[in-house]
Amino acid sequence: MPTIALFGASGQLGTAILNVLLTDSSLDIIQILAPGTASKVPENEHPNLRTKSIDLTSAKREDLAKDLSGVDAVVSALNGKALEAQSVIQDAAADAGVRRFYPSEYGSHHVYRKPGDTGGYIHPMWNMKDQCNEAALHHPAITAGKMTYTLIGCGDFYNQPREKTWCPWTQTSPENNEYTIHIIGSPEATADFTHTEDFAAFLLETIRHPEVSENKRLNCVSDHISHEDIARLLEKYSGKKVKKSVLPLEIMHKVMRDPREAPKELRDAPSAFPVDFWFLVKGMQGAGRFWRAKGEVHNDLFPRLKVRTFEGYFQELFG
């Protein structure tokens, strides 16, 4: 699949995907950016990179199909409001003869269950992804065998510098004399975590081996570890004190009922995610539910793939 169109290339995950795809000179990359958005990489340094400016809020199927002419695979790294355009993109990709479609999954969804309730609840952020995934995988072009798909999930992305509360270890300025890791539930419970660059490298391997990844749900995990061990490794490699702020699982249930129940320092923490989503993810981790069974992790499909454990990441981060 030599020609790849990447939607959402300017986002946090899209940038990681773009940088890794550009390491393979056999691929031609088209990054799709919103009008007025600057490229995150210097285009003059990458002869295999082209840029197209498209307003996805008003893009028409027939126009997108022209833009995708000659493209072999479409990778969607869209999120939030922009994710609503994914169905139109896939329609246009089908019209243009695109052979492979990557929906914007890149997560790990969980059903929340209230104490004493026999029903379940999916957070709106996960529900939106589920609805988009269902539409993508049931697309008429895929049903007819004219297009294939690869859907990739992962663990909790642990190297997000914008998320100062979610990933406190990414804040490495000398002014930080100590770190605080916020934990809900058991610090000893293990969970799946993924480095964004490992995820992008996994995606590249699925492109290099389309026969292995054809019509597959795949998952990439960098480490399976507890917050207790993360804190120990962070203290070891940063040389700074690490505090564990542990809240009981009951606080997750309170916040799921009413986000205003969250402690003020967490409720007001700057984040791209709503506070109840943070509590749900961390609560699932502390309850020992945030991990996939052994047969649902597919790193071993690609022998060239090397992933970063937390220890390896901290070694890089703190020298």
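Listed here are the residues, each with its yes/no results for (1) among the small types (Gly, Ala, Ser); (2) at pLDDT 95 or above.
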{"residue": "Phe7", "(1), (2)": "no, yes"}
{"residue": "Gly11", "(1), (2)": "yes, no"}
{"residue": "Asn19", "(1), (2)": "no, yes"}
{"residue": "Asp28", "(1), (2)": "no, yes"}
{"residue": "Gly36", "(1), (2)": "yes, no"}
{"residue": "Thr57", "(1), (2)": "no, no"}
{"residue": "Val71", "(1), (2)": "no, yes"}
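Can you name every residue in the range 212-222 that is part of a helix (DSSP H, G or I) and surrounded by fewer than 18 Cβ atoms within 10 Å (Cβ to Cβ)?
Val212
Would you please name the residue that is nearest to Thr309 (Cα to Cα), looking only at residues in the range 162-200 that are assigned to a loop (DSSP other than H, G, I, E, B) and among the β-branched types (Val, Ile, Thr)?
Looking at the filtered set, the residue picked out is Thr172.
May I ask you to list pairs of residues, at least six apart or on different chains, whose Cβ atoms are under 7 Å apart, with the first in the range 207-235 being farther than 18 Å from Trp291 by Cβ and the second being acidic (Asp, Glu) and modelled with pLDDT of 95 or more?
Leu233/Glu311
List every residue pair whose Cβ atoms lie under 6 Å apart, where the two residues are 6 or more positions apart in sequence or sit on different chains, the first residue falls within the range 269-289 and is of a type in the set (Lys, Arg) and in a helix (DSSP H, G or I), and the second residue, located anywhere, is at pLDDT 95 or above and buried (at least 16 other Cβ atoms within 10 Å of the Cβ).
Pairs that qualify, where the first residue is of a type in the set (Lys, Arg) and in a helix (DSSP H, G or I) and the partner is at pLDDT 95 or above and buried (at least 16 other Cβ atoms within 10 Å of the Cβ), are Lys282/Ile184.
State the number of residues belonging to the range 87-142 that are touching a Cys at 6+ places or on another chain (Cβ under 9 Å) and either assigned to a loop (DSSP other than H, G, I, E, B) or under 17 Å from Phe273 (Cα atoms) (or both).
Total satisfying the criteria: 6.
What's the number of the condition Ile225 fails, among (1) in a helix (DSSP H, G or I); (2) closer than 30 Å to Leu21 by Cβ?
(1)
From the list Gly80, Gly70, which one is without any contact (Cβ under 8 Å) to a residue 60 or more places away in the chain and on the phi > 0 side of the Ramachandran plot?
The match here is Gly80.
Tell me whether the range 228-247 contains one or more residues that are crowded, with 17+ Cβ neighbours inside 10 Å, in a loop (DSSP other than H, G, I, E, B) and not acidic (Asp, Glu).
Among the residues of the range 228-247, not one is crowded, with 17+ Cβ neighbours inside 10 Å, in a loop (DSSP other than H, G, I, E, B) and not acidic (Asp, Glu), which makes the answer no.
If you check every pair at least six apart or on different chains, which have Cβ atoms under 7 Å apart with a residue in the range 1-25 that is more than 20 Å from Ile54 (Cβ to Cβ) and among the β-branched types (Val, Ile, Thr) first and a residue that is modelled with pLDDT of 95 or more and not in a loop (DSSP other than H, G, I, E, B) second?
Val20/Glu197; Val20/Ala200; Val20/Ala201; Val20/Leu204
Which one of the conditions (1) surrounded by fewer than 16 Cβ atoms within 10 Å (Cβ to Cβ); (2) under 25 Å from the mean Cα position of the chain (by Cα) does Ala269 fail to meet, given that it meets all the rest?
Against the list (1) surrounded by fewer than 16 Cβ atoms within 10 Å (Cβ to Cβ); (2) under 25 Å from the mean Cα position of the chain (by Cα), Ala269 comes up short only on (1).
Would you point out which residue out of Lys146, Lys164 is more than 18 Å from Ser108 (Cβ to Cβ), charged (D, E, K, R) and modelled with pLDDT under 95?
Lys164
Here is a check on your reading of the model: is Lys236 modelled with pLDDT of 95 or more, more than 30 Å from Phe101 (Cβ to Cβ) and out of contact with any strand residue (DSSP E or B) (no Cβ under 8 Å at 6 or more places or on another chain)?
yes
Quick one: Lys40 ticks every box in (1) more than 26 Å from Gly155 (Cα to Cα); (2) basic (Lys, Arg); (3) touching a residue at least 24 places away in the same chain (Cβ under 8 Å) bar one, so which box is it?
(1)
Confirm whether Ala262 is hydrophobic (A, V, I, L, M, F, W, C), in contact with an Asp or Glu (Cβ under 9 Å, 6 or more places away or on another chain) and free of Cβ contacts under 8 Å to residues at least 24 places away in the same chain.
Spelling it out, Ala262 is indeed hydrophobic (A, V, I, L, M, F, W, C), in contact with an Asp or Glu (Cβ under 9 Å, 6 or more places away or on another chain) and free of Cβ contacts under 8 Å to residues at least 24 places away in the same chain.
The values are calculated or read from the model by the stated rules, or taken from the named source; none is laboratory data. Predicted model only: the values in this text are computed from it and were never measured. Please note: Cβ atoms are built from the backbone with ideal geometry, for glycine as well, and neighbour counts cover all protein chains shown.
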